[in-house]
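Scroll down for the structure; my scribbles are underneath it.
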Amino acid sequence: MAKRGGFPGGGMPGNMANLMKQAQKMQKQMEEQAKEMEEKSFTATAGGGAVEVTVSGKKEVQKVKLQEEVVDPDDVEMLEDLIMAAVNEALRQVDEANTSAMSKLTGGLGGMPGMF
């Protein structure tokens with residue numbers, strides 16, 4: 001009578017348990033990394049430093065700093081563009097830091113399909 005379920009060769013259950021332990025360890029490391037990212041700040045400038053924006057690792061704007069000379073009531077559109085550029089650059093920095101941190105954690109997996 002054929003066995004139902006199980007793993008051929010008998011060695012797989014140990015490997016599966018080891019894989020589960022590694023996955024749990026990686027999940028914990030990813031959670032710790034996410035916490036660390038939330039506490040970091042990322043600052044970007046635009047217009048040669050005329051606009052400075054700081055965002056958190058949670059992608060929330062924390063601070064906007066404007067040089068007086070960039071505040072021109074006759075050219076509000078330029079100020080809007082500079083703020084947008086600085087915010088987008090700061091958010092890009094957050095994404096880059098996240099990607100870098102996660103690749104360090106998952107680097108040994110070789111991109112297992114469906115896992116990450």
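Each value in this text was obtained by applying a stated rule to the coordinates, not by laboratory testing. Predicted model only: the values in this text are computed from it and were never measured.
Worth pointing out:
- Cross-link check: pairs K21/K59; K35/K59; K25/K58 evaluated at a Cα-Cα cut-off of 20 Å; pairs beyond the cut-off: K21/K59; K25/K58.
- Taking 16 Å as the straight-line reach from the Cα of K63, the aspartates and glutamates in range (excluding those fewer than 8 positions away in the same chain) are E38, E39, E52, E80, E89.
- Computed from backbone phi, the HN-Hα couplings of segment 49-57 come to x, 5, 10, 10, 10, 10, 10, 8, x Hz, rounded to whole numbers (Karplus: 6.51 cos²θ - 1.76 cosθ + 1.60, θ = phi - 60°; Gly and Pro given as x).
- Phi-derived couplings, Karplus 6.51 cos²θ - 1.76 cosθ + 1.60 at θ = phi - 60°, listed residue by residue for segment 24-31: 5, 5, 5, 4, 5, 5, 5, 5 Hz, with x used for Gly and Pro.
- For Q62, the residues 5 or more places off, or on other chains, whose built amide H falls under 5 Å of its own are T54, V55, S56.
- A Stokes-Einstein calculation at 37 °C with viscosity 0.692 mPa s, built on the Kirkwood radius of segment 37-106 over Cα pairs, returns a diffusion coefficient of 259 µm²/s.
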